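I have placed the structure first, in the form of structure tokens, so that the comments after it can refer back to it.
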Amino acid sequence: MVQKNWHSWLMEEALPLWSNIGFDHKRRLFHERLTFDHKPIELPALRLMVQARQISTYCRAELDGLAKTASLALDSLQEVEKRYWGSDGEIGWVFSLAPDGQPADKSRDLYAHAFILFAYAWAYQISKDPAHLNVARRTVIEIDKIFKAQNGGYLDAVPAPDTIRRQNPHMHLLEAYLMLFEVSGDSFYLEYAQNMTHLAMQRFILPHTGMLLEFFDAEWKPLEAIGLNRVEPGHLCEWSWLFSEFMRLAPETSFSHEMKETREKLFDTAMKYGVSPDTLIVCDAITDDGRQLENTTRIWPQTEFMRMLALKERENFSEAKSLIDRQKKCFFERYAPSHLKGGWIDRLDANGVALTDHMPASSLYHIYGAAIELIKNQAKA
């Protein structure tokens with residue numbers, strides 16, 4: 001069996017699938033789901049987060065020379081801005097849109113706001129239209145007004161469904177701030193990114209460990225007793241990557257040594273407790289004392305692990321190349337088999353049986369992020 005090539009799989013299968021069948025040209029919005037035989041699944045609401053992820057990916061794809069999709073992405077962004085941003089008369093972006101183009105869920109979600117910032121960063125990178133940076137900066141200010149908490153960080157949503165604080169939306173805010181700083185050179189965004197890294201190192205990670213917790217109480221204390229807290233190996237890889245990106249963009253920071261050590265601990269912890277040594281499959285969750293919490297496996301942790309392996313390969317980690325080859329084989333055999341023709345299975349049980357009956361568009365953001373780093377490594381080889 002011939003090994004798949006990331007470059008051709010993206011160019012010939014995945015990217016065309018989700019920009020053609022996966023795009024509703026009438027609404028100028030992306031479908032959230034396709035069936036395994038490539039039919040759009042109509043949903044009662046389209047989330048802002050999914051639109052933003054697809055827009056950013058298709059801007060990136062043209063910048064990387066893998067697709068001619070920037071005009072489609074920018075056209076969709078214009079529609080998204082019109083329909084989601086303050087369309088209920090309040091500041092911020094609504095969570096989701098109904099089929100008639102009106103807000104379906106008017107709540108404000110921090111995770112979704114992080115991704116619309118990320119989309120505007122990539123839109124500016126390819127368009128150089130200052131209006132995109134203007135919207136991004138105004139959105140950053142609105143995030144402070146809507147979500148900012150008294151004791152650091154932000155609320156997850158307004159109105160808040162509970163009192164739990166989550167690391168995940170903060171991680172994606174860091175990602176967006178770093179990208180906005182990279183494309184604009186504006187230290188305004190770097191300062192916000194620095195605040196996110198401080199929050200992570202002070203609150204999210206158990207001291208002297210590589211265990212980054214998912215959930216906290218209103219005072220940023222672990223939600224459960226030690227040994228019972230959820231840790232996601234995919235997020236350990238994701239934070240490790242983002243710390244690397246921060247150091248790349250701001251190498252003179254005063255706490256770079258501490259950040260480098262933290263980055264290594266996070267990745268080492270993911271490798272030790274979250275990755276099967278036999279299959280290299282990344283499990284969904286472990287506890288903060290290293291026990292496996294869930295033996296199901298989603299597609300996105302596999303991609304975050306691969307992206308970190310790509311970085312490790314550039315840093316001359318001796319095992320990286322062989323690990324990448326094994327992970328790639330696993331990915332295309334289990335999660336993106338040939339019969340799906342550019343699609344994927346989002347989640348599998350411990351025996352490799354699909355736990356979903358559709359393909360979510362939101363996975364493309366993760367897949368592309370890993371694939372493009374591996375493609376860059378191949379180009380340099």
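The values are calculated or read from the model by the stated rules, or taken from the named source; none is laboratory data. Remember, predicted model here, so these are calculated numbers, not experimental data. In this analysis, Cβ positions are derived from the backbone assuming ideal geometry, glycine residues included, and neighbour counts consider all displayed protein chains. SASA here: full protein model, heavy atoms, side chains in, ligands and nucleic acids out. Shrake-Rupley method; radii C 1.70, N 1.55, O 1.52, S 1.80 Å.
Annotations for the structure displayed:
- Scanning segment 293-325 for residues that are in contact (Cβ under 8 Å) with a residue 60 or more places away in the chain and open to solvent by 10 Å² or more (accessible area, probe 1.4 Å) yields Leu293, Arg298, Trp300, Arg307, Leu311, Glu313, Arg314.
- Residue satisfying all of: in segment 248-268; in a helix (DSSP H, G or I), open to solvent by less than 40 Å² (accessible area, probe 1.4 Å) and not hydroxyl-bearing (Ser, Thr, Tyr); nearest to Thr287 (Cα to Cα) among these: Leu266
Matching residues to (1) on the phi > 0 side of the Ramachandran plot; (2) open to solvent by 20 Å² or more (accessible area, probe 1.4 Å); (3) touching a Pro at 6+ places or on another chain (Cβ under 6 Å); (4) in a loop (DSSP other than H, G, I, E, B):
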{"position": "Gly343", "(1), (2), (3), (4)": "no, no, no, yes"}
{"position": "Ala350", "(1), (2), (3), (4)": "no, yes, no, yes"}
{"position": "Thr356", "(1), (2), (3), (4)": "no, yes, no, yes"}
{"position": "Tyr365", "(1), (2), (3), (4)": "no, no, no, no"}
{"position": "Tyr368", "(1), (2), (3), (4)": "no, no, no, no"}
{"position": "Ala379", "(1), (2), (3), (4)": "no, yes, no, no"}
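- The single condition among (1) in contact (Cβ under 8 Å) with a residue 24 or more places away in the chain; (2) in a helix (DSSP H, G or I) that His38 does not satisfy is (2).
Every residue, every condition in (1) without any contact (Cβ under 8 Å) to a residue 60 or more places away in the chain; (2) in contact with a Lys or Arg (Cβ under 8 Å, 6 or more places away or on another chain); (3) not hydroxyl-bearing (Ser, Thr, Tyr), yes or no:
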| residue | (1), (2), (3) |
| --- | --- |
| Ala112 | no, yes, yes |
| Ile116 | no, no, yes |
| Pro161 | yes, no, yes |
| Leu178 | no, no, yes |
| Glu182 | no, no, yes |
| Gln194 | yes, no, yes |
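- Residues of segment 138-156 that are out of contact with any helix residue (DSSP H, G or I) (no Cβ under 7 Å at 6 or more places or on another chain) and open to solvent by 40 Å² or more (accessible area, probe 1.4 Å): Arg138, Ile141, Lys145, Lys148, Gln150, Asn151.
- Which numbered condition Lys272 fails, given (1) open to solvent by 10 Å² or more (accessible area, probe 1.4 Å); (2) under 24 Å from Ile205 (Cα atoms); (3) in contact with a strand residue (DSSP E or B) (Cβ under 9 Å, 6 or more places away or on another chain): (3)
- Only residues that are surrounded by fewer than 19 Cβ atoms within 10 Å (Cβ to Cβ) and part of a helix (DSSP H, G or I) were counted in segment 182-193, giving 4.
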